[in-house]
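Step one of this worksheet: look at the structure below.
The values are calculated or read from the model by the stated rules, or taken from the named source; none is laboratory data. All figures in this text were calculated on a predicted structure; none of them were measured in a lab. Every residue, glycine as well, gets a Cβ built from its backbone with ideal geometry; the counts of neighbours run over all protein chains shown.
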Amino acid sequence: MPMARLETHALAVRIADVQVCSKLDLQVREGESWCILGRNGTGKTTLLHTLAGLRAPEAGDITLNDRSLAAQPRRAVARQLGLLAQDHRDSLPASVMETALIGRHPFLGPLQWESHQDRRAARLALQAVDLQDLEDRNVATLSGGERRRLGIATLLTQDPQLLLLDEPTNHLDVHHQVHILELLQRKMKDAGKSIVMVMHDINLASRYCNRFLLLLGEGRTVQGSAAKVLTRELLEQLYAHPLEAIPGPYGTVWLPGWPTPSGGRDRQ
């Protein structure tokens, strides 16, 4: 069995009065694509940032490639792990190419310029997300979807073995949602990468992920394969809303049901 790229031991995460998880034991291995699902406000982003080492857990330990995450220098972590944030804030003017090249910063020394190989990696990443014609554009002029794809291109330029993605399809149209998720899946399969992503679309998640972590609230979690955790009982408990299951070409398709005035399910 492949070594766990990322592993948590009795992890507890809290933000304000929200207990995100408690005593969470999680193993993310090579070739696995995990999806974190949960209602708004359950702490999905907070958990992802904790797994990235950006905030300390309330309790428990996190290891990255069999070494304590907290004990590793941030440059060393950035060479192994990449994070796509939920939103992008560009405080300084920069071109699309300059922004993509930020992905190579963990591999450069002080005052070292990007090499020809670095620029080639950035161009290939921009091409992969359909931004090859926008290298010289100022990022401030990009649409929300273009800026999202640039964030993914920057991560591809960084080329870590573990990718943590916060709503990677945010701002994307249907074509680009599928294109980006197909691209990430190929990276996982062909390059042996591991992925942990936060998503809201159950159907896209079940199509492109093979492992799931459900944040049920009050620190309770459920994890496992789609067959184990993507059930009507658990999903309705997760979202506090009735759901209808329909057979589809890629597996079960989940649609929101019509709640009755009493909060139950209307099956008429």
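Select, from GLY53, GLY41, GLY31, GLY60, the only residue that is touching a residue at least 12 places away in the same chain (Cβ under 8 Å), over 28 Å from LEU230 (Cα atoms) and either in contact with a strand residue (DSSP E or B) (Cβ under 8 Å, 6 or more places away or on another chain) or not in a helix (DSSP H, G or I) (or both).
GLY53
Filtering the range 223-250 down to residues that are at pLDDT 95 or above and of a type in the set (Ser, Thr, Tyr), which residue is surrounded by the most Cβ atoms within 10 Å (Cβ to Cβ)?
Out of the qualifying residues, it is TYR239.
Out of the range 160-186, which residues are charged (D, E, K, R) and surrounded by fewer than 18 Cβ atoms within 10 Å (Cβ to Cβ)?
Scanning the range 160-186 gives ASP173, GLU182, ARG186.
Hey, could you check the range 16-33 for residues that are β-branched (Val, Ile, Thr) and within 18 Å of the chain's Cα centre (by Cα) and say which is surrounded by the fewest Cβ atoms within 10 Å (Cβ to Cβ)?
Looking at the filtered set, the residue picked out is VAL28.
Please go through (1) part of a helix (DSSP H, G or I); (2) closer than 21 Å to LEU172 by Cα; (3) touching a Gly at 6+ places or on another chain (Cβ under 7 Å) for HIS88 and return the number of the only condition it doesn't satisfy.
(1)
Return the residues of the range 188-205 that are modelled with pLDDT of 95 or more, part of a helix (DSSP H, G or I) and in contact with a strand residue (DSSP E or B) (Cβ under 8 Å, 6 or more places away or on another chain); say none if nothing qualifies.
ILE202, ASN203, ALA205
Would a scan of the range 212-222 turn up a residue that is assigned to a strand (DSSP E or B), small (Gly, Ala, Ser), over 16 Å from the mean Cα position of the chain (by Cα) and surrounded by 17 or more Cβ atoms within 10 Å (Cβ to Cβ)?
yes
Does ILE36 satisfy the condition of being farther than 19 Å from LEU216 by Cα and either under 17 Å from the mean Cα position of the chain (by Cα) or crowded, with 18+ Cβ neighbours inside 10 Å (or both)?
So ILE36 fails the test.
Across the range 15-28, what is the total count of residues that are in contact (Cβ under 8 Å) with a residue 40 or more places away in the chain and out of contact with any strand residue (DSSP E or B) (no Cβ under 6 Å at 6 or more places or on another chain)?
Looking only at that region, the number is 1.
So which residues in the range 223-235 are more than 19 Å from the chain's Cα centre (by Cα) and assigned to a loop (DSSP other than H, G, I, E, B), if there are any at all?
Once the filter is applied, which keeps residues that are more than 19 Å from the chain's Cα centre (by Cα) and assigned to a loop (DSSP other than H, G, I, E, B), the range 223-235 yields only THR231.
Mind telling me which of the residues GLN132, GLN112 ends up being exposed (fewer than 12 other Cβ atoms within 10 Å of the Cβ), outside any helix (DSSP H, G or I) and among the polar types (S, T, N, Q)?
Step by step, each of GLN132, GLN112 is checked, and only GLN112 is exposed (fewer than 12 other Cβ atoms within 10 Å of the Cβ), outside any helix (DSSP H, G or I) and among the polar types (S, T, N, Q).
With respect to ASP118, is the statement that it is modelled with pLDDT of 95 or more, outside any helix (DSSP H, G or I) and not assigned by TED's automatic domain parsing to the domain that holds LEU47 true?
Judged against the criteria, ASP118 is not a match.
Mind counting the residues in the range 63-85 that are small (Gly, Ala, Ser), surrounded by 16 or more Cβ atoms within 10 Å (Cβ to Cβ) and either in a helix (DSSP H, G or I) or at positive phi (or both)?
Residues in the range 63-85 being small (Gly, Ala, Ser), surrounded by 16 or more Cβ atoms within 10 Å (Cβ to Cβ) and either in a helix (DSSP H, G or I) or at positive phi (or both): 1 in total.
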